[in-house]
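S.K.: What follows is a single structure, and I will ask about it in a moment.
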């Protein structure tokens, strides 16, 4: 039970993290896996890519295929809707952090 609740919670954190980085610069999957690992998230590409696809389907990310050394790499950037969600998520996360940090 606890693991399921934490997994759902962390999924939201991961999505916020993705939106944050995709707003700053285009991201791609393997880079994002490593970035998340640096922050303590043990996530595989098999878990991350469905998250990216879902966020794209929901209009939060825009995908662009680029040829990198003869291979197609999918880069993601935050859409206007994604930026709006990120802004609200930051606001809500800040308010929650203030409350639980006391």
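The values are calculated or read from the model by the stated rules, or taken from the named source; none is laboratory data. No experiment lies behind these values; they were computed from the predicted model shown. Positions of Cβ are generated from backbone atoms using ideal geometry, with glycine treated the same way; all protein chains shown enter the neighbour counts.
S.K.: Pull out all pairs, ordered by first then second residue, where Cβ-Cβ is under 6 Å, the residues are six or more apart or on different chains, the first lies in segment 33-48 and is under 13 Å from residue 11 (Cβ atoms), and the second is at pLDDT 90 or above and not in a helix (DSSP H, G or I).
M.R.: 36/43
S.K.: Only one of 4, 23 is touching a helix residue (DSSP H, G or I) at 6+ places or on another chain (Cβ under 8 Å), in a helix (DSSP H, G or I) and either more than 20 Å from residue 96 (Cα to Cα) or in contact (Cβ under 8 Å) with a residue 60 or more places away in the chain (or both); which?
M.R.: On the way: 4 fails: touching a helix residue (DSSP H, G or I) at 6+ places or on another chain (Cβ under 8 Å).
The conditions single out 23.
S.K.: Out of 9, 19, 60, which single residue is within 16 Å of residue 89 (Cβ to Cβ) and in contact with a strand residue (DSSP E or B) (Cβ under 6 Å, 6 or more places away or on another chain)? Even if it seems obvious, please write down each step before you answer.
M.R.: Working: 9 fails: in contact with a strand residue (DSSP E or B) (Cβ under 6 Å, 6 or more places away or on another chain); 60 fails: in contact with a strand residue (DSSP E or B) (Cβ under 6 Å, 6 or more places away or on another chain).
Residue meeting the stated conditions: 19.
S.K.: Does segment 38-47 include one or more residues that are under 13 Å from the mean Cα position of the chain (by Cα), modelled with pLDDT of 95 or more and over 18 Å from residue 93 (Cβ atoms)?
M.R.: No; the residues of segment 38-47 include none that is under 13 Å from the mean Cα position of the chain (by Cα), modelled with pLDDT of 95 or more and over 18 Å from residue 93 (Cβ atoms).
S.K.: Hey, could you check segment 48-79 for residues that are surrounded by 15 or more Cβ atoms within 10 Å (Cβ to Cβ) and part of a loop (DSSP other than H, G, I, E, B) and say which is nearest to the chain's Cα centre (by Cα)?
M.R.: 60
S.K.: Report, by residue number, each residue of segment 38-47 that is assigned to a helix (DSSP H, G or I) and within 22 Å of residue 71 (Cβ to Cβ).
M.R.: 45, 46, 47
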